[in-house]
Amino acid sequence: HERVGGRTPLLGAAWAGHADVAAALIESGADVHAREGDSEEASSSNGWTALMAAAAEGHADVVSLLLDAGAVADTAYGPERQTPLLAAAEEGHADVLEVLLASGADPNRTDATEGNTALYSASWLGYDDAVDVLLAAGAYTETTTRDGRTPLFAASAEGHVDVVRALLSAGAKVNHARVQGETALYIASHMGKLDVVEALLD
């Protein structure tokens, strides 16, 4: 199929969430593994496939379609080693996370820049439903980023009390400290997040 600016028609359909169009393209032989080209227009996306685009944009039906057609759930992209699961977590797409996890995506993979996991990103950004899905799939609560932050630390700093409670219920360690000695309770206190402080003290 013809590319435009390094992008295939399947990538375009997946990005926009047109499952019926994507299905027709796959039926006609579109390559679900094709990556975005190296053109200047496409360079910012690090060679994404249709699956990566659909996951990042929250199109769970397209994600399911692509996986059924042979796309690989845990493929990593670009120098950051971003995966569809990480991209979906960063946008809070819990339904996409469920589909990817059911197809074998590893909930504990990290990116290559910050060492973020899907659970870390969802916790930091306050996506309650995504956090619940990842915890149910066995995501580790104690994996740290390169600078020593856990999901609990990130959620506490941002004041996401429902995420904090979910992480605590899953066994997250309240007293884990970064190299600088900062704990979740310290950062919540420093940032003035009273409801989080109360949850951590409970």
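Computed from the coordinates by the stated procedures, all read-outs in this text should not be read as laboratory data. In this text, all values refer to a predicted model and were calculated from it rather than measured experimentally. Cβ placement follows ideal geometry from the backbone for every residue including glycine, while neighbour counts extend to all protein chains displayed.
Each of D20 and A177 was given a label point 7 Å from its Cα along the Cα-to-Cβ line. The distance between the two points is 6.1 nm. Centre-to-centre separation between the Cα atoms of segment 41-110 and those of segment 128-202: 25 Å. In a DSSP loop and with at most 12 other Cβ atoms within 10 Å, there are no GluC sites (Glu not before Pro) in segment 80-130.
The alpha carbon radius of gyration of the chain, expressed as a multiple of 2.2 N^0.38 Å, is 1.12.
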